[in-house]
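Taken together, the values in this text are just the output of simple stated rules run on the coordinates, not laboratory data. For clarity, every value in this text was computed on a predicted model and none was experimentally measured. Cβ placement follows ideal geometry from the backbone for every residue including glycine, while neighbour counts extend to all protein chains displayed.
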Amino acid sequence: MLNLNLWVPKPLKLPAQQAESTASGAQMPRPLLRIVILNTKGGCGKSTLATNLAAYYASHDYRTALLDADPQASSLHWLQNRDGAHKAITAINGADRSLRVTRSFQLRVPPGIERLIVDTPAALDSARLQDMTRDADAILIPVLPSDIDIHAVSRCVAELLLAGRVEQRRERVAVIANRVKKNTLVYTKLQRFLSSLGITFAASLRDTQNYVHASEWGLGIHELEAHGADQDALDWEPLVQWLERRHAQTDAAVAAIASAQTATQSTD
Ligand SMILES: Nc1ncnc2c1ncn2[C@@H]1O[C@H](COP(=O)(O)OP(=O)(O)O)[C@@H](O)[C@H]1O
Ligand SMILES: [Mg+2]
């Protein structure tokens, strides 16, 4: 039984709450970035990616929430191991049946959260896959460099791209090669496969026990003061930069829509 202080959604009172915190001089939160991690194959590193990304953002002073939609609750267990000396991360149980009625996970996020990381189960059917990704600003797919996994990820990517407008979807998706041993034939094959799909290859993460140790303590690789973890921490930089560029593009798109609406209203 998990002993977490889970956030439970209440009726939305967003504008009033935000106005209060601003009037009291608190810092205005930065706009929310919603990151969904998925791959319909198990064991490829979804929870590892989700927990490390949550730890990265929390340790860089972003108000961070981790929504675990997997009934196995690996990410919530990780959070349970995290001590009070490290930056807090808000836990959201997305596998709770009573919350399934709310399709948009946006409604489950407490006000003020700046970075939302969503961990998903392997067994996602087509409808659930669409549900989980509809509101996402970025979709991250970890993949192991193996023939079986490359084959499985091609089906997963095809399903993602088939729904909705392909171009719009493609630019939200990035693949992360996980447990990589560089200079292997299969790694080269993975690189070639991804460039043929025109999908961003955002990072390569090494196969190392550093991830296993960090996970046991509820930490991310960036918070690990272990010998040799510095290089692993650097591996995340291209991914974080890609995510922040996505955020800037999403913000620009929202601003463009808002200004187009204002222009339409003023000419009415
Ligand atoms: N880069 C890595 N190096 C070493 N072990 C890893 C790495 N990524 C994941 N693992 C380990 O592989 C196992 C499966 O990873 P996990 O993140 O739970 O996958 P998923 O959530 O996709 O099922 C876990 O035991 C995890 O610690
Ligand atoms: Mg998992």
**Asked** Tell me, what is the FRET efficiency for R134 and V240 to the nearest 0.05, using R0 = 22 angstrom and their Cβ-Cβ distance as r?
**Response** 0.40
**Message:** If each residue of separation counts as 0.36 nm, what is the full-extension length gain between T184 and S196 once their alpha-carbon separation is subtracted?
**Reply:** 2.4 nm
**Prompt:** Tell me, what is the FRET efficiency for A88 and A226 to the nearest 0.05, using R0 = 25 angstrom and their Cβ-Cβ distance as r?
**Reply:** 0.65
**Request:** Please give the peptides 108-114, 199-205 ranked by average Cβ packing (other Cβ atoms within 10 Å per residue), highest first, as a rough proxy for protection.
**Result:** 199-205, 108-114
